[in-house]
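Engineer: Can you keep this structure in mind? I'll have questions shortly.
Derivation of every value follows stated rules applied to the coordinates shown; laboratory data play no part. What you are looking at is a predicted structure, and each value in this text was computed from that prediction instead of being measured. Cβ atoms come from the backbone with ideal geometry, glycine included; neighbour counts cover every protein chain shown.
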Amino acid sequence: MRFSFFSLFFESPFKKLKDHADKVRECAWMFKRAVECYVELDCEEFDKLTEDVAKLESQADWIKRNLRNHLPRGLLMPVDKFVLLDCLREQDHVLDSVEEALYWLSFKPEGGIAKELTGDFLHLVDAVVPCIEKLSDMAEQAMVYFESITEKNREKLKSTIGDIHQAEKEADHLEHELKKQAFAVLKDPVEIFHVVRLVEIIGDIADDAQNASDRMRTMIAR
């Protein structure tokens, strides 16, 4: 009978990592809808969605602190606990970047996004959303893998990590293209700065998710 290291404890640290990732995942729809509201200009949900994301960020922070404060002390773990905490930190940065993107949008509430950029801008958001959502899948698969330590579960986890990398790659390409378009299409320097910085922050969401997946890859490396 296989004996799991984590069964020594009341709860696996990967369970809390999954709980945190679930909070991050909840923000994906809110983020997408809030951006659509901003683009539509006549949407009244934007402020509430922004507030809801802020509440999720606060709830995720509580889970993060709880995990940090309850890691086993003085005992060996099958993974480096500092890498686990790095993964948690990068996962938390995803929510921070989502919150920052919505706040940045709110600084210019009357302008929306130039029509020439709207299509590609929404494509960027669509590319970033899977990065957010798949973090929850990754954390769940990690929990299963470290309970079983089977090659099948390891390969499944690696596949999800690869999916996050692929989504980040697409988002990175769209980010660079949108920046070029902003300078080519827009005339107002303030509007150019607002769009370019906004695109960078949204790109950071995908980067943060990839960074979390890189830490997970390190934990399952052989």
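Engineer: Loop-only check: which trypsin sites (Lys or Arg not before Pro) in region 104-196 are DSSP coil with at most 10 other Cβ within 10 angstrom?
Structural biologist: Sites meeting the loop and neighbour criteria: K187.
Engineer: Can you list the GluC sites (Glu not before Pro) in region 15-69 that are in a DSSP coil and have 15 or fewer other beta carbons within 10 angstrom?
Structural biologist: Within region 15-69, the qualifying GluC sites (Glu not before Pro) (loop, at most 15 other Cβ atoms within 10 Å) are E44, E45.
Engineer: Given DSSP loops and a limit of at most 15 other Cβ atoms within 10 Å, what is the longest stretch of the chain that contains no such chymotrypsin sites (Phe, Trp or Tyr not before Pro)?
Structural biologist: 108-222
Engineer: Shifting gears a bit: Compute the semi-axes of the equivalent ellipsoid of the chain, taking the square root of 5 times each eigenvalue of the Cα gyration tensor, and list them largest first in whole Å.
Structural biologist: Result for the chain: semi-axes of 36, 18, 13 Å.
Engineer: Any idea what angle helix 151-185 forms with the longest principal axis of the chain, computed on alpha-carbon atoms, 0 to 90 degrees, nearest 10?
Structural biologist: The helix 151-185 is inclined about 20 degrees to the chain.
Engineer: A further question follows. Please list 3J(HN,Hα) in residue order for region 82-88, calculated via the Karplus relation 6.51 cos²θ - 1.76 cosθ + 1.60 where θ = phi - 60°; whole Hz, with x for glycine and proline.
Structural biologist: Whole-Hz 3J(HN,Hα) from phi for region 82-88: 6, 5, 4, 5, 5, 4, 4.
Engineer: In terms of Cα to Cα distance under 18 Å, which lysines are near enough to K23, apart from those fewer than 8 places away along the same chain?
Structural biologist: Cross-link targets: K15, K32, K48, K55, K64, K134.
Engineer: Using 0.36 nm times the number of residues separating N69 and F193, minus their current alpha carbon distance, what extension gain do you get?
Structural biologist: Contour length minus the Cα-Cα distance gives 40.6 nm.
Engineer: Same structure, new question: Can you pull out the cysteines in the chain that have no other Cys Cβ under 4.7 Å?
Structural biologist: Those would be C27, C87, C131, since no other cysteine Cβ in the chain comes under 4.7 Å of theirs.
Engineer: Same structure again: Along Cα→Cβ, 7 Å out, is where each label goes; now give me the distance between the ones at Q166 and E45 in nm to one decimal.
Structural biologist: 2.9
Engineer: Suppose the chain between A221 and S159 were pulled fully straight at 0.36 nm per residue; how much longer would it get relative to their current alpha carbon spacing?
Structural biologist: 21.0 nm
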